[in-house]
Amino acid sequence: MDTKNLYSLFASSNGVSIDTRNLISGQIFFSLKGDNFNGNNFALEALDKGASYSVIDDKSILNKNQNLIYVEDSLKSLQELSSHHRSQFETKIIGVTGSNGKTTTKNLLHSILSQKYNVIKTKGNLNNHIGVPLSLFDINEDVDIAIIEMGANHIGEIRNLCDIAMPDIGLITNYGKAHLEGFGGFKGVIRGKTEMFEYLTQNYGHIILNNDDELQIENCKGDLAVTFGEKSDSEFVYNYIKVDDDLIVKSDNYEFRSNIYGDYNFSNLASSVTIGKFLDLTNEEIQKGLDLFENDSNRSEVIKIGSNKIFLDAYNANPTSIKAAILNFDKEVTANKILVLGDMFELGEYSDKEHQNVIDLIDLENYEKVYLVGSNFYKCNTKNIKIEKFHSLDEMNKSFNLNDFNSMNILIKGSRGIGLEKLVNY
């Protein structure tokens, strides 16, 4: 079945589902495949649970129910259907990609732009080849703006997501050492993320360009770039100011204040303010959005437990973000410091070197204690008595207790798979 005919069925359905465990009656089920599952095996179950149709790419089961729809590739069919759906509306699409700060920027934008427009955003971390199509299905005639986060770990994926979502506005938060294994190194990261700029240039979209980032300037070939930054030749010029724990971006005589933590978020804050201005929000509307901003849990959180202050950033980690977190922590906190670091994933052949680089970065004179969690950090060369290593979080929990500390500042940073956020509960 072609996309237009499938869309006529979708228009009278209750949406789409890719998981029979949370399927709603009247939805169209898409039989996607992965390394450890085959959705075709659940197509009939989906119909039994109330799906209006099941889209399959396995001909062997086609004759078992009249509401089975065969396509050559269920995933491609889902993507093409979502793109067709997106094209039915005048909703403006903002694409957000980058190695670090995508979700924070997405949430900042949503909070700001919602003060004037009806805005939706990517839910959670649905930012890949499956998540982006699912997010696009949330668009309807009442939605003015959709903020679509785009993640990738291989060259070509951002371009594919742009072809599906067709963004009108886009930004790259930064180029960092994330997913080095899939991208084949840092040059691959740059090439992969730049696909956002290339798409917008070719399709006359607007690039939101960090004019302080030389790599972005070097890789942006479009004439429609809207520049921001501290440089005086930026279209939107900001001064970056830190007052207590608040970040402030000053534009002309107006100070946009946010309680988001970490100097590395200045550019995320500034890009979000820039898009607000570009889309005709007043300064007061932008500030109201910043006042109402709430980031996802485990991202740049500051938590007080007893006399201890915890700086929790345990949603994800890569060499760029973990170094930025340590340097910011060293800048902001001068005494009674403890560092808890968890492994970084998807680094491939670069893993040993990048983990050792992090260890070598740490100025141990600044810390009471440094804890390393995970098999990669465990292999690192560490001889200082201030450093204690554990193979896993479970092993660490047998000897680590927050109640043993008084008036300490504790930075917790690591990849989600390590689960360092659980330390707060322990």
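In terms of packing, defined here as the mean over residues of other Cβ atoms within 10 angstrom, the peptides 341-352, 267-278 line up highest first as 267-278, 341-352.
Computed from Cα atoms alone, the Kirkwood hydrodynamic radius reported for the stretch 3-73 is 11.9 Å. In percent, rounded to a whole number, the relative contact order of the chain is 11, using alpha-carbon pairs under 8 Å and six or more apart. The label-point distance for residue 137 and residue 125, in a model that sets each label 7 Å from Cα toward Cβ, rounds to 2.2 nm. When the chain is treated as a GNM with alpha-carbon contacts under 10 Å, the residue of 164, 18, 385 showing the greatest mean-square fluctuation is 385. Remark: the Cα gyration tensor places the chain in the oblate category, a/c being 1.5 or greater and a/b not exceeding b/c.
Largest mean-square fluctuation among 21, 257, 299, in a Gaussian network model of the chain whose springs join Cα atoms under 10 Å apart, belongs to 21. Computed about its Cα centre, the charge dipole of the chain is approximately 780 debye, with only Lys, Arg, Asp and Glu carrying charge at their Cβ. As a calculated quantity, the FRET efficiency between residue 202 and residue 336 at R0 = 45 Å, using C-beta atoms, amounts to about 0.25.
Around the amide H of residue 236, modelled in the peptide plane, lie the amide H atoms of 227, 228, 229, all under 5 Å away and 5 or more residues distant in sequence or on another chain. Could you pull out the pairs from 106/422; 59/177; 102/231; 92/323; 33/102 whose alpha carbons sit more than 32 Å apart here? Pairs exceeding 32 Å: 59/177; 92/323.
Rounded if a/c is under 1.5, else prolate if a/b is larger than b/c, else oblate: which is the stretch 89-291, with a ≥ b ≥ c the root eigenvalues of its Cα gyration tensor? Cα axes put the stretch 89-291 in the oblate bin. Highest mobility in the GNM of the chain, judged by mean-square fluctuation with C-alpha springs under 10 Å and restricted to 356, 79, 216, is found for 356. Straight-line reach from residue 389: taking Cα to Cα under 19 Å and skipping same-chain neighbours fewer than 8 places apart, the aspartates and glutamates in range are 343, 352, 354, 360, 363, 365, 368, 404, 421.
Straight-line reach from residue 64: taking Cα to Cα under 16 Å and skipping same-chain neighbours fewer than 8 places apart, the lysines in range are 49. The alpha carbon convex hull volume per residue for the stretch 279-338 rounds to 152 Å³. Annotation: for a label point projected 7 angstrom from Cα along Cα→Cβ of residue 282, no residues of the stretch 217-250 have a backbone N closer than 12 Å.
Read the figures in this text as sums done on the coordinates, not as results from a lab. What you see is a predicted model, and the numbers here were worked out from it, not measured in a lab. Cβ sites come from the backbone with ideal geometry, for glycine too, and all protein chains shown count toward neighbours.
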